[in-house]
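Below is one structure; the comments refer to it alone.
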Amino acid sequence: MSEQKTYIRFPLARRIEHIVMLLSFGILAITGLPQKFPTWGLSQALVGLFGGIETTRLIHHSAAVVLMLGTIWHILVTGYKIYVERTPLSMLPVLKDIKDGWQAFSYNIGLAKRRPQMGRFAFEEKLEYWAFVWGAIVMGMTGFMMWNPISTARFLPGQVIPAAKAAHGAEAILAVLAIIIWHFYGVHLKLFNKAMWTGNMTEEEMLHEHPLELADLKAGLVSRPLDPATKRKRQMVFFPLAAVASLIMLAGVYGFVNIETTVRTVIPPASTVTVFVPQTPTPLPTLAPTPTAAAVAPAALTWEAYASLVFKTKCAACHGAAKVGGLSLLTYPDVMAGGNNGAVIVPGDSLNSKLYNIQSAGGHPGQLSPDELAKIQEWIDAGAPEK
């Protein structure tokens, strides 16, 4: 039996691009979801496998940079094909895609007699492609806000940072589910399409999935030769513009990563804060008011009565036995000792306490509620009493 004729569907460069994007997306998923669900046993096991939360974040950020660089490459290649090679914009949605979607639905439930006839890209592939574009925009914008909260808060209200965290996590879940349920099933299970790995499709596969493109290939309407002189003229215009665009986009990625450091390094250590000494003498103390329920209530804000319970509930996953950053929040001596970067609590001075400032910025994996944070601030300002 003679071997079936094959048609090139994806050149090597596109297949390499797909692998790079696949790996970066996969790494983002397995390092990002454990941060969204930090109390799950599987999440804690993965974070431990990666070497702790800080290493997990470093891997997550590195994969994000790779995804951004891959996106820049895709934009440049697409621009070259459109402007220089005059490749048809076959990935743009058209009215026929809506009709194909309805006919495919009707065929699957038995109302239509045949599948829709589709060209270079089917309506499902276009949906996936533009969903990826939309997801990349959302993840990029929200990721920037979470990565650079101080810079974001200079231009936008602070509430956008926790909102960005919620949107980032929700979009991540949606993207992972779309890949597993939609893409993985439609490409690898239902049809076992190997074109993105081999680069080719057989004539039988083309007839089943892309009959209109096959007809154009057989008629010689797809690969029309481009005049060399015309191609050179277009390249002379495209390459300088592409170089400028590349520099701008790469500068954007550099700024994305380096526009600010972390909250820990931005806030000055407590040891460098100048103590305020008033020039006027301290006035004589006034008589203490009669104790009331409201006046006695703050006495309950001690380490044993309140702070220890909050830290064990919200912070123990990272600052318990794991001691991320050398900081443990399990015992009162550990809290007062601080971590690798020094003290995190300055008794009597919440505004110069690293723990309070980090929580105030928002977006922390163990983020306290506004009410909890207000009481922790009150506890610190009261001298951070133990009992």
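The values are calculated or read from the model by the stated rules, or taken from the named source; none is laboratory data. Note that the coordinates shown come from a computational prediction; the quantities given were computed from them, not determined experimentally. Here the Cβ is made from the backbone with ideal geometry for all residues, glycine too, and neighbour counts use every protein chain on show. Side chains are part of the model used for accessible areas, which takes the heavy atoms of the whole protein and leaves out ligands, DNA and RNA. Shrake-Rupley method; radii C 1.70, N 1.55, O 1.52, S 1.80 Å.
General remarks:
- Peptides 347-360, 109-122 ranked from most to least packed give 347-360, 109-122, packing being the mean of other C-beta atoms within 10 angstrom over each peptide's residues.
- Each label point was placed 7 Å from the Cα along the Cα-to-Cβ direction; for Leu23 and His183 their separation is 1.6 nm.
- Anisotropy class of segment 47-119 from Cα gyration tensor, a/c 1.5 cut: oblate
- Peptide ranges 21-30, 143-152, 249-258 listed from the most packed, as the mean C-beta count within 10 angstrom indicates: 143-152, 21-30, 249-258
- Apportionment of accessible area to carbon and sulfur, segment 24-125, percent (1.4 Å): 71
- Where labels lie 7 Å past Cα in the beta-carbon direction, separation of Ala215 and Ala104 in nm: 1.9
- When both segment 32-77 and segment 122-158 are represented by their alpha-carbon centers, they are found 15 Å apart.
- Shape class of segment 97-233 from the alpha-carbon gyration tensor: oblate, with a/c at 1.5 or above and b/c at least as large as a/b.
- For the chain, the solvent-accessible area with a 1.4 angstrom probe is 62 square angstrom per residue.
- Reachable aspartates and glutamates, given that their alpha-carbon falls under 15 Å from the alpha-carbon of Lys233 and they are not under 8 places away in the same chain: Glu85
- Links that overshoot a 24 Å alpha carbon limit, given the list Lys36/Lys387; Lys126/Lys190; Lys36/Lys190; Lys5/Lys99: Lys36/Lys387; Lys36/Lys190; Lys5/Lys99
- Prolate/oblate/rounded call for segment 86-155, Cα gyration tensor, a/c under 1.5 rounded: prolate
- Counting Lys and Arg as +1 and Asp and Glu as -1 over every other residue whose Cβ lies under 14 Å from the Cβ of Trp197, the net charge comes to +2.
- Spin-label zone in segment 12-46 - amide nitrogen under 16 Å from a point set 7 Å from the Cα of Ala321 along the C-beta vector: 39-46
- Placing pseudo-labels 7 Å out from each Cα toward the beta carbon at Ala170 and Thr230 gives an inter-label distance of 4.8 nm.
- Its alpha carbons considered, segment 48-88 gives a radius of gyration followed by a Dmax of 16.8, 50 Å.
- Within straight-line cross-link reach of Lys113, aspartates and glutamates at Cα separation under 17 Å, skipping those fewer than 8 residues along the same chain: Asp100, Glu209
- For the chain, fraction of C-alpha pairs farther apart than 39 Å, in %: 40
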